[in-house]
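Notes follow the structure.
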Amino acid sequence: MSDFPLDAQSKPAIIILDFGSQYSELIARRIREIEVFSLVISHRTSANELRELSPQGIILSGGPSSVYTDGAPLCDPSIWNLGIPVLGVCYGMQLMVHQLGGCVEAATGKAEYGKAPLQIDDASSLLNTVVDGSTMWMSHGDAVKELPEGFVRLAHTENTSLAAISCPRRNLYGVQFHPEVVHSSYGMVIIKNFVYQICGCKPDWTTTLFIDESIAQVRAQVGNKRVLLALSGGVDSSTLAFLLHKAIGDQLTCMFIDQGFMRKGEPEFLMNFFDKKFHINVEYINARERFINRLKGITDPEMKRKIIGTEFIRVFEEESLRLGPFHYLAQGTLYPDVIESAGTNLDPATGERVAVKIKSHHNVGGLPKDLQFKLVEPLRHLFKDEVRKVGRSLGLPEEIVRRHPFPGPGLAIRILGEVTNQKLNCLRDADLIVREEIQNAGLYNDVWQAFAVLLPVCSVGVMGDKRTYDWPIVVRCVSSEDGMTADWSRLPYETLEIISNRIVNEVQGVNRVVLDITSKPPGTIEWE
Ligand code: XMP
């Protein structure tokens, strides 16, 4: 299990062995939604390691490989004899059949993708209370042709004669479809049947429990030592600040480095909120001059990011030495980052783990080695929506909990070309108008991000009787699930009209407003 270290915080009731499906994380989320703690770990985890973790159930995820090809990812065959209930999903079911002596083949001419009505043959266990003929989401090119000894059919579809199977004596189950996706109308019933009925899990993994356990663990980890946290004002670092403050009080020092690229009013809000209102010790570091000076004459976006990243580390290092010593550095690392950096993603051809580059912007990456911090990362097993719940439960205001994602280098990357104070002020004013009007239209929570971008080209306009020659502002508003793909939001014309009028009337140096109607891909969400 070396490729996916689990720590003391990991006592998952259900373990998902990952075979490279895009839905592995989704299975974990679905199980957490029914208040049972689950984790995704590598399919290479041995039966002995699993025994030590003593989960109440194991789920084998789907995956892009074919079980009968050389190098297909397998699991330790002793897993079948652990006496722990196992549910194989798609590839996971095929693997179960393959390793236990059944037969899996390419579903020639009958590969099944999309929705299919499920015909139930046996509703006694896994499919209990699933309505006959309900829709399930299929996505497979292989099919089970022959069941291993002791297995029975639970359901079929028009094209798949073995769509759900079980071996009741050994507590093994398999489904050819994906119960975790929303298109599977009774998918959650199947997941509940497996988790509650078959594995006997109790719905006891709640936000309150998480907070209580995390506080106890942080206290045990850091003792009476001091902890430093780089606060950005985003939901992750803010939730972390609240959690740690509750756990260790004044042993926590938050450092807020103001690079000068925050949105209008944000630094003031942050200091008022954390320091004054909640008495969480925040050191405000005004580094605006340093950052803007470093960016003089720089127009290349990657160069900007690099300079900002390096300068951030430099300031962080200087200030932590000044305020220290600190033994621990707290980071708002979330579960998707952990999964990504552990590289449970598999190469479909070889089944090998693909090393995924961690996005350098996610955390205080690349800190100098000689700072010698130990890490405190209590959110490392949470998804973003779970962090929001924890934040809310700890008393964070909706303003922070529901805050749209904001890039680490801030407005500096939303100004194309050289960054100057004049452009920053201009963009800040325009950005505030976009956000205010999206809020006024009641759309803030419906969109992933809404912001303004400043383009460094001038065009002619006319204001009053005067000819103008000013910059355009781009309005960028997108809907997205996770930021990986996105579509441009169809904002009401009335809202766009107000935004446009206000920006050209109220923002100095802008005489034109344009709307970005590009999806991602091929565009990105940010302009840089
Ligand atoms: P792109 O522009 O790549 O952005 O489509 C995808 C999502 O990532 C956010 N983003 C960042 N977030 N630090 C962050 O914390 C960064 O440097 C950064 N760059 C992009 C972006 O706002 C969008 O939500």
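Here are some notes:
- The residue pairs whose first member lies in the range 322-341 and is open to solvent by less than 10 Å² (accessible area, probe 1.4 Å), whose second member is assigned to a helix (DSSP H, G or I), and whose beta carbons are closer than 6 Å, counting only pairs six or more residues apart or on different chains, are 330/240; 330/244.
- Within the range 378-395, the set of residues being open to solvent by 10 Å² or more (accessible area, probe 1.4 Å) and assigned to a loop (DSSP other than H, G, I, E, B) comprises 380, 394, 395.
- Residues located in the range 203-236, provided they are among the acidic types (Asp, Glu) and either in a loop (DSSP other than H, G, I, E, B) or not assigned by TED's automatic domain parsing to the domain that holds residue 313 (or both): 204
- Any chance residue 183 is in a loop (DSSP other than H, G, I, E, B), over 30 Å from residue 281 (Cα atoms), open to solvent by 40 Å² or more (accessible area, probe 1.4 Å) and out of contact with any Pro (no Cβ under 7 Å at 6 or more places or on another chain): yes
- Lone qualifier among 525, 473, 498 - being touching a residue at least 12 places away in the same chain (Cβ under 8 Å), part of a loop (DSSP other than H, G, I, E, B) and within 34 Å of the chain's Cα centre (by Cα): 525
- The set of residues in the range 386-402 that are more than 19 Å from residue 266 (Cβ to Cβ) and within 15 Å of the ligand (Cβ to nearest atom) contains only 387.
- Candidates are the residues of the range 398-420 that are open to solvent by 10 Å² or more (accessible area, probe 1.4 Å) and in a helix (DSSP H, G or I); the one that is nearest to residue 475 (Cα to Cα) is 399.
- Residue ranges of strands (runs of 3 or more DSSP E) in the range 17-106 with at least 2 members of a type in the set (Ser, Thr, Tyr) and modelled with pLDDT of 95 or more: none
- Some residue of the range 237-252 being aliphatic (A, V, I, L, M), in a helix (DSSP H, G or I), more than 26 Å from the chain's Cα centre (by Cα) and surrounded by fewer than 21 Cβ atoms within 10 Å (Cβ to Cβ): no
- Hits in the range 440-487 - residues which are among the hydroxyl-bearing types (Ser, Thr, Tyr) and in contact with a helix residue (DSSP H, G or I) (Cβ under 7 Å, 6 or more places away or on another chain): 444
- Yes/no for residue 123 being of a type in the set (Gly, Ala, Ser) and buried (at least 16 other Cβ atoms within 10 Å of the Cβ): no
- Filtered residues of the range 501-528 (kept if open to solvent by 80 Å² or more (accessible area, probe 1.4 Å) and either more than 16 Å from the ligand (Cβ to nearest atom) or closer than 20 Å to residue 467 by Cβ (or both)): 505, 506, 508, 512
- The listed residue being over 23 Å from residue 510 (Cα atoms), free of Cβ contacts under 8 Å to residues at least 24 places away in the same chain and surrounded by fewer than 15 Cβ atoms within 10 Å (Cβ to Cβ), out of 464, 442: 442
- Scan of the range 421-439 for residues that are in contact with a helix residue (DSSP H, G or I) (Cβ under 8 Å, 6 or more places away or on another chain) and open to solvent by 40 Å² or more (accessible area, probe 1.4 Å), ordered by number: 421, 428, 429, 435
- Residues that are over 14 Å from residue 94 (Cα atoms), open to solvent by 50 Å² or more (accessible area, probe 1.4 Å) and at pLDDT 95 or above, drawn from the range 136-151: 149
- Among the residues of the range 477-495, those identified as within 12 Å of the ligand (Cβ to nearest atom) and in a loop (DSSP other than H, G, I, E, B) are 480, 481, 482, 483, 484, 485.
- The range 403-437 - residue that is without any contact (Cβ under 8 Å) to a residue 60 or more places away in the chain and within 16 Å of the ligand (Cβ to nearest atom) and, of those, farthest from residue 483 (Cα to Cα): 427
The values are calculated or read from the model by the stated rules, or taken from the named source; none is laboratory data. All figures in this text were calculated on a predicted structure; none of them were measured in a lab. Here Cβ is always computed from backbone atoms with ideal geometry, including for glycine, and neighbour counts include all displayed protein chains. These accessible areas exclude ligands, DNA and RNA; they are computed on the full protein's heavy atoms, side chains included. Shrake-Rupley method; radii C 1.70, N 1.55, O 1.52, S 1.80 Å.
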